[in-house]
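**Q** This is the structure, below, for whatever I ask next.
Bear in mind that the values in this text are calculations on the coordinates, not laboratory data. The structure displayed is predicted, hence computed values, not measured ones. In this analysis, Cβ positions are derived from the backbone assuming ideal geometry, glycine residues included, and neighbour counts consider all displayed protein chains.
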Amino acid sequence: MVEEGKELVEFEVPRISPDPLDLVQVGQFYHVRRKQWEDEEEDDENKAYTELMCVEEIGSNYIGFTAARGHGYSDVRIHFDVFEERCTFEPNWQEALHGEMKQIQGKIEKAMKKLLEQGQRLHLIPEKAVSTEEAKKEAKTLLPTTRTADPKKYKNQLVHFKKKYPEKVKKIEELAEDFAVTAKNLALPQIVQLGMVKEKLEKVEDRIFTIELYCGLKEKVKQIADGEPAPINELLTIRQLLLFMDEETLFEYESGGMDFSKLDKFDEWVAKPENLERILPEKKGVVAFRVRRHRKDYGTPSSLLEAWTNVQKSIANMETYLLIRNGERAYRIATSVDFQPRLIPLKDEIGEAQFLTELSYWEEREGAEPEKITPDDIRYDDHVKKLDDKLKHYNRMIILLQGLLDRSEIFHPHPGIKLTTNEGAAQWINLVRDEEDCLPMNKISWEEYLAEKNKGTKLGHWIYSNMAEKKKRGYWVNRRPRVCQVTKTRRDGSEVRVSWPWGTRHGYEHRDKWGNEWGKWGEWPVDKLCHEWIPADRFLNLNHYELNDYKMFLCDRALKGKYLEWAPYLLSAEDWKRDQIEKGLDVVEASRKRGHPKRIVKKKIEVEVEE
């Protein structure tokens, strides 16, 4: 109703058109303008073309498209800024794909018809149906069913057809593949929906895994040491570095180190106070162990069963365990979680590092700088996911510890602790970044150490070498001991000769001057020496070895488990040196008379042994 004296004014309400991006839905089809290389400029070599594609995902700043191609799929991401320019909605995509299938089917029928006609003209294919008996009769002969007036011309036609036949068949096969690809594109909306369902199911699996981890449904706890617990206000320490049982214990170092079958032996070793204090010095905390760093060689299997057994052994050797300490108490926990490569992230591993591109080998060599991914970049969502995956990986330890605090007595006594909050984690967790802060203990390499100790090796010195014995005269010489005495040296020090008693031989009782043997078979003492030359880099001079030298290499975690190469030398030298000290003897240079190993000068020594 209009008041008197007032003029009625008509005005037009502006019509707001919806944003095309708001109308995009997963499963829709668009004609997408593409380039062969999306990150390159469009030019003659990188010509643009249009492809009918299905919307697969909608990111924070891009629309992801996919289309079946060959035996896989072709994917492309179109940024919001160029979406309207490069994408055109296709509402009738089903009719378009059906029309394409019909067109391909027509090409297949035409090509097949042409191929059949050529075969009939050459009498390779009968023009009319034949009975079964006639077909069998024809199959028994290589001659054509119809005679020709010009055999030479007929032969040339057959040769020409033979050359063109593979190309024609290949063309038909390619058309059949195009037909299958188009049919697959028709099912793309359902395939895309299936992918979204799988993604949601993965979130459900993550929740199930979190519940299993918190409740300890798949963990086995073994208490390996008992005693007084840590004080109630002791912080909970998480050590970063993943340790390896075989490297820490050095069990069975001569045969490649311990494996999973020695877990009980490891429990006994780590339960000793001096070892527990070295492995986990904090009164309350956790450190991760794997049985081995490297695969153990179990030899060549002689059967499929043995091969399968070796595979299972290798899998067991890669299992991860947690060692937990609470005062004098210690526990070993086996879970279904693989916590490698470390329990807590590196200092710069979470944050901006996740939004830097990875450089190739050649880019690193050329000194290129990584590119920073911004929220406007279509790769931004991938890097956000990478960050989320990192956080999820490291948060598993927090979930497990919170579960142990809430449902078990492993960390008792303790107040109410909530590690899942930032305040609780900052108040009660102590992070030890021993992987990053672990500095090498020794200032010398193994090669330099070996050269220093072997310098000045003389007659009468004792050495250790595990180099394999050489084959001699078609049979193995009496096995050389690992520890033996030097009887000759090269002037340049490149090699030393070692000698050891032959001992006994297996054979007949007598032997004549021509080498013929007779008499009774048995073991017979041999009064002579065996000799062998050993390179300078394949032995360790035991006389020059100093007590506790092994600690420079075998207790240095920065060397990442190279103990298998050095342990036999160093630990054998340590045992030999202590044995000499216990006997009160020091072996010095031998008498030069014939270099016989029994002619050794020994003297009494007094040395304080550091335990």
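**Q** Roughly how compact is region 330-388, stated as its Cα Rg over 2.2 N^0.38 Å to two decimals? Provide the component values of the computation, followed by the final result.
**A** Numbers: Rg = 16.3 Å, N = 59, 2.2 N^0.38 = 10.4 Å.
The value comes to 1.57.
**Q** Let me know the shape class of region 252-293, please: from the alpha-carbon gyration tensor, a ≥ b ≥ c as square roots of the eigenvalues, rounded when a/c is under 1.5, otherwise prolate if a/b is greater than b/c, or oblate. Could you put the intermediate results ahead of the total?
**A** Working: a/c = 2.34, a/b = 1.88, b/c = 1.24.
Judged from the Cα gyration tensor, region 252-293 comes out prolate (a/c at least 1.5, a/b above b/c).
**Q** Of I238, L280, G227, which is farthest towards the positive pole of region 227-291's charge dipole, taken about the Cα centre with +1 and -1 on the beta-carbons of Lys, Arg and Asp, Glu respectively?
**A** I238
**Q** With a cut-off of 8 Å between alpha carbons and a minimum separation of six or more residues, what is the relative contact order of region 23-91 in percent?
**A** Details: 114 pairs, mean separation 23.1, N = 69.
About 34 percent, as a whole number.
**Q** Order these by the 10 Å Cβ neighbour count, fewest first: I315, I444.
**A** Details: I315 10, I444 13.
In order of increasing Cβ crowding within 10 Å: I315, I444.
**Q** Oh, and also: Classify region 221-437 as rounded, prolate or oblate from the Cα gyration tensor: take a ≥ b ≥ c as the square roots of its eigenvalues, call it rounded if a/c is under 1.5, otherwise prolate when a/b beats b/c and oblate if not. Write out the running numbers ahead of the final one.
**A** Details: a/c = 2.13, a/b = 1.14, b/c = 1.87.
Taking the square roots of the gyration eigenvalues as a ≥ b ≥ c, region 221-437 is oblate.
**Q** With 10 angstrom as the radius, rank M397, M258, M112, M101 by how many other C-beta atoms surround their C-beta, starting from the fewest. Intermediate results must be reported in sequence, preceding the final value.
**A** Details: M397 21, M258 25, M112 13, M101 18.
Placing the least packed residue first, the sequence is M112, M101, M397, M258.
**Q** With a ≥ b ≥ c taken as the square roots of the eigenvalues of the C-alpha gyration tensor of region 274-385, please select rounded if a/c is under 1.5 and otherwise prolate if a/b is larger than b/c or oblate if it is not? List each step's numbers first, then the result.
**A** Working: a/c = 2.63, a/b = 1.40, b/c = 1.88.
The shape class here is oblate.
**Q** What FRET efficiency comes out for the pair H98/E38, r = Cβ-Cβ distance, R0 = 30 Å, nearest 0.05? Don't skip to the answer; put the middle values down first.
**A** Values: r = 29 Å, r/R0 = 0.98.
Result of the calculation: an efficiency of 0.55.
**Q** Order of F251, F411 from fewest to most other C-beta atoms within 10 Å? Don't skip to the answer; put the middle values down first.
**A** Details: F251 15, F411 24.
Exposure proxy ranking, most exposed first: F251, F411.
**Q** So, one more: Label points 7 Å out from Cα along the Cβ direction at L217 and Q105: separation in nm?
**A** 5.0
**Q** Compute the FRET efficiency between E117 and E447 as 1/(1 + (r/R0)^6), taking r as their Cβ-Cβ distance and R0 = 60 Å, and round to the nearest 0.05.
**A** Working: r = 78 Å, r/R0 = 1.31.
About 0.15, to the nearest 0.05.
**Q** Taking 0.36 nm per residue of separation and subtracting the Cα-Cα distance, what length does fully extending E546 through E199 add? Kindly include the intermediate steps, with their values, before the conclusion.
**A** On the way: separation 347, 0.36 × 347 = 124.92 nm, distance 6.13 nm.
The E546-E199 span can extend by a further 118.8 nm.
**Q** Can you compute the FRET efficiency between K392 and R295 using 1/(1 + (r/R0)^6), with r the Cβ-Cβ distance and R0 = 25 Å? Round to the nearest 0.05.
**A** According to the calculation, E is roughly 0.30.
**Q** Rg(Cα) of region 22-97 divided by 2.2 N^0.38 Å?
**A** Working: Rg = 12.3 Å, N = 76, 2.2 N^0.38 = 11.4 Å.
Here the answer is 1.08, to two decimals.
**Q** Given a cut-off of 32 Å, name the pairs among K47/K184; K198/K262; K220/K577 whose C-alpha atoms lie farther apart than that in the structure shown. Provide the component values of the computation, followed by the final result.
**A** Details: K47/K184 26 Å; K198/K262 41 Å; K220/K577 43 Å.
Listed pairs above 32 Å: K198/K262; K220/K577.
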